[in-house]
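Below is one structure, written out as structure tokens; comments come after it.
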Amino acid sequence: MPSPFLLLSYFAVSLLNMAVVSSTSPFLTNTLGREWKLVGSLNMTDPSKLCPDSWQNFTSPRSCGKKTTAPCDSLSIPTFGFRYQKVCGRFRGYQFGSPDAFFRVSSPLRVEDGYVDGVSITYGSPGKRQHVYTYAAGVFETWDRAICPRTGGGASPPSFVGSDYYCESGNPNAPWSPVWYSSDVLWDGQQCGGNEGTCCSPPDLPWFCKTFPTPISEDLEVRICTDQNLNDENVAIESFELYIQEVVNIQAASVLNPDNTLRQLEISWIPVVISCIW
């Protein structure tokens with residue numbers, strides 16, 4: 001008999017999580033009509049946690065990586081129909097072997113493709129995906145076409161990515177070996193040597209934020225992507241958090257105080273029973 005687990009218990013996604021977020025992060029400040037909500041998180045530094053079924057459990061370092069030969073292994077992050085216009089989040093991960101960042105033999109690539117060795121964050125269903133942000137992993141920090149872009153000869157990201165990406169390598173020098181480079185965590189803004197440049201150490205790391213022209217309500221998706229044999233390269237996520245900034249109808253969500261000022265209504269959540277799968 002397989003071990004029991006709670007539906008959606010692999011990461012913090014449920015209606016019970018959708019309360020307004022209170023955070024010290026400068027990116028997550030609530031304003032009237034725009035409230036931050038946590039929609040997805042994973043923390044493999046907690047020894048009691050397991051990876052979602054679509055990703056591979058690794059124990060050294062504890063993380064979740066790509067497990068199949070498909071270009072990407074996907075995890076859907078439900079947003080429960082909330083309308084949002086901004087996404088913020090942060091990721092930490094590790095490099096195995098020789099990931100090639102944005103270097104690809106074939107081009108042009110679409111957001112539907114495995115366009116990066118790293119983590120792709122998108123919204124929308126397959127075939128209609130839209131890019132949010134990318135966390136790329138380069139083979140090493142010194143010069144090579146498979147390192148991070150912007151400096152030192154690394155391949156540029158596809159046009160749909162633009163500047164909405166971070167990139168880092170955990171391997172300081174050539175050559176590479178088929179091992180986990182666990183001494184240099186990816187995308188934390190630390191140990192950014194060689195030619196990694198500004199795509200490794202911008203001031204906002206490990207956070208990203210993306211604002212859309214108009215509100216959307218599609219689910220988010222996190223994909224771990226590589227384009228070669230898993231014995232040669234892999235990327236794993238140690239932890240992540242994803243937040244959406246809900247666009248609230250102020251007129252519907254507020255009432256007037258006696259002095260004609262707006263008073264925000266408190267929202268009471270209906271208890272949700274999450275089934276166990278055995």
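Each reported figure results from applying straightforward, stated rules to the coordinates on display, with no laboratory input. Given the structure is predicted, the values throughout are model-derived calculations rather than measurements. In this analysis, Cβ positions are derived from the backbone assuming ideal geometry, glycine residues included, and neighbour counts consider all displayed protein chains.
Points to keep in mind about this one:
- Computed label-point distance, nm, for sites D46 and A70 using a 7 Å Cα→Cβ extension: 2.6
- Nitroxide proxy distance, nm - points 7 Å out along Cα→Cβ at E112 and S177: 4.2
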